[in-house]
Each structure stands twice: as C-alpha cells, then as structure tokens.
1. Given the condition closer than 25 Å to H65 by Cα and touching a Cys at 6+ places or on another chain (Cβ under 8 Å), answer yes or no: does some residue in region 228-239 qualify?
2. In region 236-277, what residues are in contact with a Leu (Cβ under 6 Å, 6 or more places away or on another chain), under 17 Å from P2 (Cβ atoms) and not in a strand (DSSP E or B)?
3. Looking at A93, A177, can you tell me which residue is aliphatic (A, V, I, L, M) and either buried (at least 17 other Cβ atoms within 10 Å of the Cβ) or free of Cβ contacts under 8 Å to residues at least 24 places away in the same chain (or both)?
4. Right, L265: under 15 Å from the mean Cα position of the chain (by Cα), modelled with pLDDT of 95 or more, more than 26 Å from G137 (Cβ to Cβ) and surrounded by 19 or more Cβ atoms within 10 Å (Cβ to Cβ) or not?
5. Any residue at all in region 223-236 that is in the same structural domain as L266 (by TED's automatic domain parsing), small (G, A, S) and without any contact (Cβ under 8 Å) to a residue 12 or more places away in the chain?
6. Take the residues of region 219-242 that are among the hydrophobic types (A, V, I, L, M, F, W, C) and modelled with pLDDT under 95: which is surrounded by the fewest Cβ atoms within 10 Å (Cβ to Cβ)?
7. Scan region 40-72 for residues that are part of a strand (DSSP E or B) and in contact (Cβ under 8 Å) with a residue 60 or more places away in the chain and jot them down.
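The values are calculated or read from the model by the stated rules, or taken from the named source; none is laboratory data. Values in this document were obtained by computation on a predicted structure and should not be read as measured data. Using ideal geometry, Cβ is built from the backbone for each residue, glycine included, and neighbour counts are taken over all protein chains shown.
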Amino acid sequence: MPAVRLITKRVEKPWGRVTLWPGFGDVAAGGAPVGEIWFDLPDGDDPALLVKYLFTSEKLSIQVHPGDAAAHARGYPRGKDEAWVVLAAEPHATIAIGTRTAMDRDELRAAALDGSIEDKICWKAVKAGDVFYSPAGTIHAIGDGLTLVEVQQNVDLTYRLYDYGRPRELHVEDGVAASDPVPYVAPYIPHTIAHGRTILAAGPAFVLERWTGERRVVIRPAADRPVWLIPLAGGGTIDQSECVPGSVWLVADEAILDVDDHAHLLVAYPGADVIDF
C-alpha cells in the first residue's frame, strides 16, 4: 500500500488561537479558537501513534498521563508517552515538565488541591527548535504563546491535576496515582547519526527523528512499525504525491520520499530502536 495522507481534525480549545500556522487556514471570523489539529487515518483505524499541531494563547492544565499498565487496567489500549517539537515561541513562552523537587503523593495531592502545584513544577523557557520527550507519569503543562508539533501514543487519556480555576473537570486522585513527581531528566540527548538525520528522542514508546536537506529514500517499514512523515518546510514528493507543510503521511508498506534541499521533516515510528533507513 502506498503512503497515506492523513486527514485533519480541528479541535476547539479555550486556550487555542484563531491565527494558526502556515499550511492551515485561520479560524473564520467569530469562530471558536482552535487549540489542536489531529491527523487521523481516513478509514478511522487506530494506529499506535497520533500526530498533532498545538496552538496556545493560554496555559494548558497541569496534567499527567498514565503508563501502559495503568491504562490497560482502565480498558484503554495503551498509555501515553509524548514528545513536543517547538515550531514557534513568543519571548515569554515556557513549558513545565517535572517537579522542582521530589514529592510524595500526599504532598502532590495537597499541592493540586490548593493550587500551589503551579509553583512546584519546573517551568522552562523555550524557543523554536526545542524538543522534549515526556514519558507517561511526567507532570507537565504547556504554556501560552507556543506553536508545536506533538507526537504521542495514540490514546485520549489525560488526568488534569490543576486548571487555574477554569470550570473543567479535574482528576486529582487518578492523576496522583499515575504521577512520578520528581524532577525531569531527559531520557535521550538528541544527536546526529548521518548527514541531515538527527535522532531527537528514542523510546521507550517511539522514536522521533529530524531530517533536513535533499534526499531520495525508499522507506520500508517493518510490518509492526509504520512510519509517520511530518513535513515542516521545503518541497518534494512521496510516491509522486506532493509532500507539503501542513500534511502528515503514514507509510505502512513501502514509499519513495524525494525532497529538495530546503526540506525539514519530522519522522516518527513506534518502538525504542532506531530504524536503519
């Protein structure tokens, strides 16, 4: 089967924006802000990973995602590791990831209930190009003024610990149980393995790469490791279809990618081991 172009789904969020990103039309006058754009298979199938663009004008909730075992116990197919690649950031933009100091669960619960958790998580200044891999159990929050790509295990399962007084449901007990309330340590240091090919994050749930520059490559995924292609800049083709920013492609069998010297793509696939393309 050739590469499949995924279909987009706009998700309205109170913290979203009406001005989005090249490749996506802005929200019509009077429309609700869009916070996320999801990329799904046209046949409605449920692959291992999900790609999103996020557009923030306010802070997202302080939240956590459970791992595979806890998600399975609740009847979900998988837990949720995720990674973010920052495309644009206003000068004040931050992402919170991990806690400032190790906390026990009683301390975490109390901080979530009284709001002091906002000062007990570690807010980091961010800029375009920054990458974070957030394993399940990591307490986190995405700040305002950001445009980013998120790659995650494909499950809609989020426990909100604190939401700045917004009238949305919280999940304090589930969130406390799912959390690993310790300072964040990046599980992987990005490094270049070949010309124009950098491993941004590797595992345990998926690998995320950045490809830049001209290349022609035949992508042959293993049967259980399809490959997601996320073009961010430049031009080219995949299986002779135009490969442009704002699109996302899934390769489950074999496809020929041919891109120009301005190309900038993210490449993701499930599993912890790096594929030798």
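1. The answer is yes, given that some residue of region 228-239 is closer than 25 Å to H65 by Cα and touching a Cys at 6+ places or on another chain (Cβ under 8 Å).
2. V248, the sole residue that qualifies.
3. A93
4. yes
5. Checked against the condition, which is being in the same structural domain as L266 (by TED's automatic domain parsing), small (G, A, S) and without any contact (Cβ under 8 Å) to a residue 12 or more places away in the chain, region 223-236 yields at least one hit.
6. Only one residue tops the list, namely A223.
7. If the condition is that a residue be part of a strand (DSSP E or B) and in contact (Cβ under 8 Å) with a residue 60 or more places away in the chain, then L49, L50, V51, K52, Y53, L54, F55, T56, I62, Q63, V64 are the ones that fit.
Quick grid of which residues meet (1) without any contact (Cβ under 8 Å) to a residue 24 or more places away in the chain; (2) assigned by TED's automatic domain parsing to the domain that holds Y162; (3) among the basic types (K, R):
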{"position": "V85", "(1), (2), (3)": "no, yes, no"}
{"position": "A89", "(1), (2), (3)": "no, yes, no"}
{"position": "D119", "(1), (2), (3)": "yes, yes, no"}
{"position": "K124", "(1), (2), (3)": "no, yes, yes"}
{"position": "Y133", "(1), (2), (3)": "no, yes, no"}
{"position": "I139", "(1), (2), (3)": "no, yes, no"}
{"position": "I142", "(1), (2), (3)": "no, yes, no"}
